[in-house]
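> Encoded as structure tokens, here's the structure I'll be asking about.
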Amino acid sequence: MTEGRNRREFTRIPIKVGVEVRCDSGVVLTGVVSDLSLNGLLLAASEGAPVGARCDMRLRLDGGGEILTVEAKGQITRSDAEGMAITFDQVDADSFEHLRNLVLYNSSDPDRVSDEFLGHLGIKPR
């Protein structure tokens, strides 16, 4: 699977964070993120909404006494036994800053994450 990892634009971190996903179809999913990157997440659920569904996501982070949220819009890109992959296509500036810090501080290679961040304009390539 090394080849698949090399194609990814952003480092993924294993993390357990609560998320609420509201799909345009009306389906609402709550669960736990099992891994996270600057452009998407893997939700520990294999069903609930179809691949291609547009969603609004809200991750809830405990920030040392204050509750921080990451809000994003995206699309379900995969659903299988591993979970439901959702790719972000829109993240507001404050949420992106929280997301970047979360990935940076939980990564085993923060220099790589910094390089990825500098090589992109938000979640899109420069």
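> Towards the positive end of the charge dipole of the chain, with charges on Cβ (+1 Lys, Arg; -1 Asp, Glu), say which of HIS98, LEU42, THR77 has the farthest Cα.
Of the candidates, THR77 comes out farthest on the positive side.
> Starting from 0.36 nm per residue, how many nanometres of slack lie between ARG22 and THR77 once their C-alpha separation is accounted for?
Numbers: separation 55, 0.36 × 55 = 19.80 nm, distance 1.50 nm.
Full extension from ARG22 to THR77 adds 18.3 nm.
> Now a separate question. Going by average Cβ neighbours within 10 Å, how do the peptides 22-28, 36-42 rank, with the highest at the top?
Going by the mean number of other Cβ atoms within 10 Å, highest first, we get 36-42, 22-28.
> Per residue of region 111-118, in order, report the coupling 6.51 cos²θ - 1.76 cosθ + 1.60 (Karplus, θ = phi - 60°) as ³J(HN,Hα) in whole Hz, putting x for Gly and Pro.
Each residue's phi maps through the Karplus curve to give 5, 5, 4, 4, 4, 4, 4, 5 Hz.
> For the chain, would you read off the P(r) tail past 24 Å as a percentage of all alpha carbon pairs?
That fraction is 23 percent.
Throughout, read-outs are computed from the coordinates displayed, never taken from laboratory work. Since we're looking at a predicted model, the values are computed, not measured. Here Cβ is always computed from backbone atoms with ideal geometry, including for glycine, and neighbour counts include all displayed protein chains.
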